[in-house]
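A.B. asks: Pasting a structure here, questions to come.
The values are calculated or read from the model by the stated rules, or taken from the named source; none is laboratory data. If you're wondering where the values come from, they're calculated on a predicted model, not measured in any experiment. All Cβ positions, even for glycine, are placed from backbone atoms using ideal geometry, and neighbour counts span all protein chains on display. Just so you know, the surface numbers come from the protein's heavy atoms only, side chains and all, with ligands and any DNA or RNA stripped out. Shrake-Rupley method; radii C 1.70, N 1.55, O 1.52, S 1.80 Å.
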Amino acid sequence: LFVLGIGFFSLCFLMTSLGGQFSARRPGDSPFTIRTEVMGGPESRGVLRKMSDLLELMVKRMDTLARLENSSELHRAAGDGHFAGERLSAGTGLMERIQAIAQNVSDIAVKVDQILRHSLLLHSKVSEGRRDQCEAPSDPKFPDCSGKVEWMRARWTSDPCYAFFGVDGTECSFLIYLSEVEWFCPPLPWRNQTATQRAPKPLPKVQAVFRSNLSHLLELMGSGKESLIFMKKRTKRFTAQWALAAQRLAQKLGGVRREQKQILVHIGFLTEESGDVFSPRVLKGGPLGEMVQWADILAALYVLGHGLRITVSLKELQRCRIRVIDTFGTEPAYNHEEYATLHGYRTNWGYWNLNPKQFMTMFPHTPDNSFMGFVSEELNDTEKQLIKDGKASNMAVVYGKEASIWKLQGKEKFLSILNKYMEIHGTVYYESQRPPEVPAFVKNHGLLPQPEFQQLLRKAKLFIGFGFPYEGPAPLEAIANGCVFLQSRFSPPHSSLNHEFFRGKPTSREVFSQHPYAENFIGKPHVWTVDYNNSEEFEAAIQAIMTTQVDPYLPYEYTCEGMLERIHAYIQHQDFCASPGPAPPGARAPQSPFILAPNATHLEWIRNASLASGAWPPAHSLRAWLATAGRACTDACLDHGLICEPSFFPFLNSQDAFQKLQVPCDGIESEMNHLYPAFAQPGQECFLQKEPLLFSCAGSSTKYRRLCPCRDFRKGQVALCQDCL
């Protein structure tokens, strides 16, 4: 069998040299599966395919024989244990050697593929006399082309995605990639013609159909890790709510046809390469927020009817056309590699050069990214009434399952005040002895399973945070179960400048409380934010909370229906492969799409303007404001009850927008700066954005008044404008 295996791989390699080529392995192919893309006729492809199938069949039979042999040897081990052990180790060694050969041949296949691509490309250039056409053009419409070619020369090997798209280190391959896969260079005329001739017929589109049975999803999620077990239990528990949400959304969408997407979901924090630090801590009070969000993302995609492939291995990950689940967000200044390096924004988590909307967050704290979210359990009216009737008026639960959270300096002071009014409960993990960090007057239940923790919240009046962890799902679950959430106000606010937790994260956001979403989007009477260092303010808040009656409350965007609606809109409308803007920076449209509002405070979109037909969000929802100096666009839009929409920045990136707002520009400059477009005071100079990836809602300076694109939003769904569905 060993010799036969070598023979098959040698023959495959020989056939490749004679008439075909191996292609880079796709994510998920086994080491024994060889994908062939033969340049010759269908006969060659059929031969290689049969060889590949036969080889895989051989390995499967070997594996079966090995298991049978191992079983029989184990039965004979009592009679001759030494001989059986030798046979077992020999079989194992044989399989390992064959697997090693398979891996080596796969690596050789990738190299051969690159060589063939390179030789074919050179042959094409020589035969067609086009060597001189593979130089970076100086086209004013593509000012960044030459710089991007330089970047590709230095870094094209840094990511397998480039080789996947045919980049092989030659100038032509750089220009083809930068003009056809990305948009930084103009299309090569000769390349466009040949691409049109060889373009394969598109496959028929499969329509997505809502699903209500999640049993197949549970199989796809796999098993073996404690984190996966936790996620599957959560998915099972929400099955009925997902089904009901699917019915509601189907009625809302009517007969809208939805194309089924094939989506690879890579759960990065569970990979062996990352160390999988979460799984061992699931049963010890470790953080569950990431697992909650991943479970809900998988469920939402599956219920929407899309095809899923779930991986927890880097070997199965392609970084082409990806969406990144990013808890705290990545701001454009940190995402752009060159800009971040030059201006001190470079961190270990940034500089990916993605469209910032490809980063998807747990809460809607930065509109530069896409808000993914998660779900909390939604109660019906009967359940809400039962909770209200069963509430204890003097029971508090502390937010913090790990003993380290209870080491907060000064906690004894405010906990002793709380203890005068309420019975305090904790859910701190411990193995044998009570954690010394937990005061004696706290009734500690130990780490509770999620259903039991929910029951505890349904009895409690108050859910109190110690300031950490930041922005987790537990406060929303508590509020959904009828608790009041009490948290501390941070003064000064926490950020990467003064707090170790945020240091190195690709955001300059300032956090004014433990849970800013709860403070800003929910607020009183469900959420109280006070200064824990002020005993009088803290005690007054406790007294007020005890006399306040609240109903269980869950924001629509955190229901199953809200999450399905949001992800549906992203899948149907977000397109990160299209050109990033309607016109180069500074260019004017033949007919201005803006009009000054009647009160002369902001710009509005002319509804019959044809410049942005097909844009998403729809351009007619745009409202443009000139922020006051030192104000970020995120805050400037919120001041007017709107949301900053970064995809609208290209429409404002022109001198015409400043003129329509009656801004006196003594000069116009175009530069790379994440605060542009903006008006500088003093100086009366207007600045336009040169780099589309740096359009940013975040960021402010007292030197600039930023030109901000704002939009409306659906009630309870800030990620979507009113006409975004």
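A.B. asks: If eta is 1.002 mPa s and T is 20 °C, what Stokes-Einstein diffusion coefficient results for region 594-711, Kirkwood Rh from Cα pairs, in µm²/s? Can you show the working numbers first?
C.D. replies: On the way: Rh = 14.0 Å.
Translational diffusion coefficient: 153 µm²/s.
A.B. asks: Where the accessible area of region 381-553 is counted over protein heavy atoms with a 1.4 Å probe, how much of it, in %, is carbon and sulfur?
C.D. replies: Exposed carbon and sulfur together represent 49 percent of the surface.
A.B. asks: Hey, another quick one. Keeping every protein chain present and rolling a 1.4 Å probe, give me the accessible area per residue for region 649-725 in Å².
C.D. replies: Value returned for region 649-725: 37 Å² of accessible area per residue.
A.B. asks: OK, next. Counting other Cβ atoms within 10 Å, keep those with at most 15, restrict to DSSP loop, and tell me which chymotrypsin sites (Phe, Trp or Tyr not before Pro) in region 411-449 are left.
C.D. replies: Tyr430, Phe441
A.B. asks: Pulled fully out, how much extra length does the chain show between Ile322 and Ala250, if you take 0.36 nm times their separation in residues and subtract their Cα-Cα distance? If you can, show how the numbers build up before the last one.
C.D. replies: Working: separation 72, 0.36 × 72 = 25.92 nm, distance 2.68 nm.
Difference between extended and current length: 23.2 nm.
A.B. asks: Here's another thing I want to ask about it. Taking 0.36 nm per intervening residue step and subtracting the Cα-Cα distance, what contour gain separates Trp616 from Arg155 on full extension?
C.D. replies: Between Trp616 and Arg155, full extension yields 162.7 nm more.
A.B. asks: In percent, how large is the relative contact order of region 594-711, given Cα pairs closer than 8 Å and 6 or more residues apart?
C.D. replies: Answer for region 594-711 is 33 percent.
A.B. asks: In bins 10 Å wide, starting from 0, what share of all Cα pairs of region 214-371 does each bin hold, as a percent?
C.D. replies: Histogramming region 214-371 at 10 Å steps yields 10, 32, 37, 17, 4, 0 percent.
A.B. asks: Now, a different point. Using a 1.4 Å probe on the protein heavy atoms, what percent of the accessible area of region 214-371 belongs to carbon and sulfur?
C.D. replies: 52 percent
A.B. asks: With a Förster radius of 51 Å, plug the Cβ-Cβ distance of Thr548 and Gln574 into 1/(1 + (r/R0)^6) and report the FRET value to the nearest 0.05.
C.D. replies: Numbers: r = 41 Å, r/R0 = 0.80.
Calculated value: 0.80.
A.B. asks: If you wrap region 144-190's Cα atoms in a convex hull and average its projection over all directions, what's the area in nm²?
C.D. replies: About 3.0 nm², averaged over all directions.
A.B. asks: Let me ask another. Could you tell me which residue out of Ala246, Trp352, Val292 lies farthest along the dipole of region 214-371 toward its positive end? Charges go on the beta carbon: Lys and Arg +1, Asp and Glu -1, centred on the Cα centre.
C.D. replies: Positive-end residue among those listed: Ala246.
A.B. asks: Given an 8 Å cut-off on Cα distances and at least 6 residues of separation, report the relative contact order of region 494-574 as a percent.
C.D. replies: 14 percent
A.B. asks: Per residue, what accessible area does region 214-371 have, given a 1.4 Å probe and all protein chains present, in Å²?
C.D. replies: Heavy-atom SASA per residue in region 214-371 reads 43 Å².
A.B. asks: Full extension from Phe164 to Thr702: what is 0.36 nm times the residue separation minus their Cα-Cα distance, to one decimal in nm?
C.D. replies: Net length gain for the segment: 189.2 nm.
A.B. asks: Let me ask something else about it. In a Debye calculation with equal point scatterers on the alpha-carbon sites of region 381-553 and no solvent, what is log10 I(q)/I(0) at q = 0.18 Å⁻¹?
C.D. replies: Taken in order of the listed q values, log10 I(q)/I(0) reads -1.22.
A.B. asks: Between Glu510 and Lys236, what's the calculated FRET efficiency when r is the beta-carbon distance and R0 is 41 Å? Round to 0.05.
C.D. replies: Working: r = 39 Å, r/R0 = 0.96.
Efficiency for this residue pair is about 0.55.
A.B. asks: Okay, next question. Any idea of the accessible area per residue across region 381-553, 1.4 Å probe, to the nearest Å²?
C.D. replies: So region 381-553 comes to 46 Å² accessible per residue, rounded to a whole number.
A.B. asks: For Gln543, what is the net charge nearby, where nearby means another residue's Cβ is under 12 Å from its Cβ and Lys, Arg count +1, Asp, Glu -1?
C.D. replies: Overall, the nearby charge balance is -2.
A.B. asks: So, counting K/R as plus one and D/E as minus one, what does the shell of residues with Cβ under 13 Å around Phe521 add up to?
C.D. replies: Net charge around Phe521: -1.
A.B. asks: Count charges around Arg623 for me, please; just the other residues with Cβ under 11 Å from its Cβ, Lys/Arg as +1, Asp/Glu as -1.
C.D. replies: Summing Lys/Arg as +1 and Asp/Glu as -1 gives -2.
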